[in-house]
Every structure is written in structure tokens, then in C-alpha cells.
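Contents: one structure, followed by commentary.
The values are calculated or read from the model by the stated rules, or taken from the named source; none is laboratory data. Only a predicted model underlies this, so the values are computations on that prediction, with no experimental measurement involved. Ideal geometry is used to build each Cβ from the backbone, glycine not excepted, and the neighbour counts take in all protein chains shown. Just the protein is used for accessible areas: all its heavy atoms, side chains included, with ligands, DNA and RNA removed. Shrake-Rupley method; radii C 1.70, N 1.55, O 1.52, S 1.80 Å.
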Amino acid sequence: DAGVTQSPTHLIKTRGQHVTLRCSPISGHKSVSWYQQVLGQGPQFIFQYYEKEERGRGNFPDRFSARQFPNYSSELNVNALLLGDSALYLCASSYGQGPYNEQFFGPGTRLTVL
Amino acid sequence: GQNIDQPTEMTATEGAIVQINCTYQTSGFNGLFWYQQHAGEAPTFLSYNVLDGLEEKGRFSSFLSRSKGYSYLLLKELQMKDSASYLCAVVNDYKLSFGAGTTVTVRA
């Protein structure tokens, strides 16, 4: 069975540009969460989507947005990129949205902002 | 707010035992996860504790004390492949809040 997939694997952008990251959850999973992991730190929660609706948002500026599609895949968009946005962006899927649902992580997208 | 603390680094010898401590102060608590993350890879699930006590799963065990805001991950019979970062994460409703991770280096 396929796990969580993310694309692209790596991405290099310059300051001020916009980026779109994509995530496909495990088949049957309806919840997708996005995390940002800066080198040497633990992942920081950005968004959770469940049944195509935003169910939670972390402490990130409005430059970060996301959406979930009818097939439960998801996109994370970041506008006006800053150097500090350079990080590994992780997507995690789970069957439900509650706390007892194990989250399965994808391999991540490594974003470098120059 | 969320405050989750774990040691930055630990080194141990192959075959030994290592205990990684995690203390937390969070605004809500629905359980605590431990994840393993090899360099450049995604975190993978190791354990989940929601009640006080010890959960054992093969060479890995995890302990939780909710009254003390404390957990530990115990790695037994260390192998070289156990060299990785170990992340403690508290779940509150839908959101995982992670510690910075403990890098464990296993030496021959």
C-alpha cells in the first residue's frame, strides 16, 4: 500500500516568490496536516484539514494557506517567500481528525529560499 | 502555550540501553507520541501513551506520568540503525506539538 506522498521532493525559490506544495494521503484517510520543520528543530504545526474544511491553524502568518480537494489530497501555498521559510515541509495523514488517530508522515518537501 | 523539553544529544554504545526524557507543559493533553526520524527522512511512529504507565513494544518502551508532565523512551539492545533523532510530541485535540528532538548516536 502506498504511504503519504509529497511533491516535489526538493525546491529552490528566491525571496518574494510563491510556492505550492502537494500531498496525497494514504488511501481512506480523510485528514491531512501540514508541519514545518526547520533544521535542528521539531516539526511545527501549520494546518489541519478534515473533510475538505480547515479544522485548525498554527501560529503562522497569512502568507501560508492550504486547501483540501474532494479526493482528500492537499496543497500548501506560501506567498512572498522569506529566507526563514527555508525548511522541510511535512504532510501527515490520518483516518480521522481526533487526537487518537495516528498521523502518518510523508517524506517531506525540502524548500530552500535564496 | 506549549513547552516540551528533551535533551539535545545522547551517545551510547551498541548493545547498551538509553533513556530519553521528555517533560511537557501544555494547555491541553490527549496523549503523548514518540517518533523516530532518520536524517532527511519523515518521522515514523514508535509509541503512544495516553494513560500513566509503561508501554512495551519490542526493544522500545515508553512511560508516561501525567501528574508530573513527564515521559521517557527507553531503547534497549541498541543497534547502529537506532542512530536517529527521537521526537516527543504532545497531542491536544487534533494538533501535535513537538519537542526539538534528541539526537541519539550509537557507537560500535
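Details
- Per residue, the average separation of C-alpha pairs within less than 8 Å and at least 6 apart gives region B:1-54 a relative contact order of 30 percent.
- Per residue, in Å², the accessible surface of the protein assembly as shown once ligands and nucleic acids are set aside, probe 1.4 Å: 47 Å²
- Interface residues, region A:30-60 - accessible area loss of 40 Å² or more versus chain alone, probe 1.4 Å: A:Pro43, A:Phe45
- When the listed pairs B:Lys57/B:Lys81; A:Lys30/A:Lys52; A:Lys13/A:Lys52 are checked against a 19 Å cut-off, the alpha-carbon distance exceeds it for A:Lys13/A:Lys52.
- Chain A: most fluctuating residue of A:Ile12, A:Ile46, A:Ile26 per GNM, C-alpha cutoff 10 Å: A:Ile12
- Lys, Arg +1 and Asp, Glu -1 on Cβ, resulting dipole of chain A about Cα centre, debye, nearest 20: 280 debye
- Whole-Hz ³J(HN,Hα) from phi, Karplus 6.51 cos²θ - 1.76 cosθ + 1.60, for region A:102-114, glycine and proline x: 5, 9, 9, 8, x, x, x, 10, 8, 9, 10, 10, 9
- Where labels lie 7 Å past Cα in the beta-carbon direction, separation of B:Asn30 and A:Tyr100 in nm: 1.1 nm
- Note on B:Ile17 and A:Ala80: the model spin-label points, each 7 Å out from Cα along the C-beta direction, lie 5.4 nm apart.
- Three semi-axes describe the equivalent ellipsoid of chain A; taken as square roots of 5 times the Cα gyration tensor eigenvalues and ordered largest first, they are 23, 14, 13 Å.
- Relative contact order (percent, whole number), chain B, Cα cutoff 8 Å, 6+ residue spacing: 37 percent
- If R0 is 41 Å, the Cβ-Cβ spacing of A:Arg55 and B:Leu74 corresponds to a FRET efficiency of close to 0.75.
- Kirkwood Rh, Cα atoms: Rg over Rh of the protein assembly as shown: 0.97
- Euclidean distance between Cα centres, region B:44-76 to region A:1-71, Å: 28 Å
- Sequence-distant aspartates and glutamates (8 or more away, or on other chains) whose Cα lies within less than 16 Å of B:Lys76: B:Glu14, B:Glu55, B:Glu56
- Mean separation of Cα contacts under 8 Å (6+ apart) over length of region A:3-85, as relative contact order %: 32 percent
- Here chain B is treated as a Stokes sphere of Kirkwood radius computed over C-alpha pairs; at 20 °C and 1.002 mPa s its diffusion coefficient rounds to 155 µm²/s.
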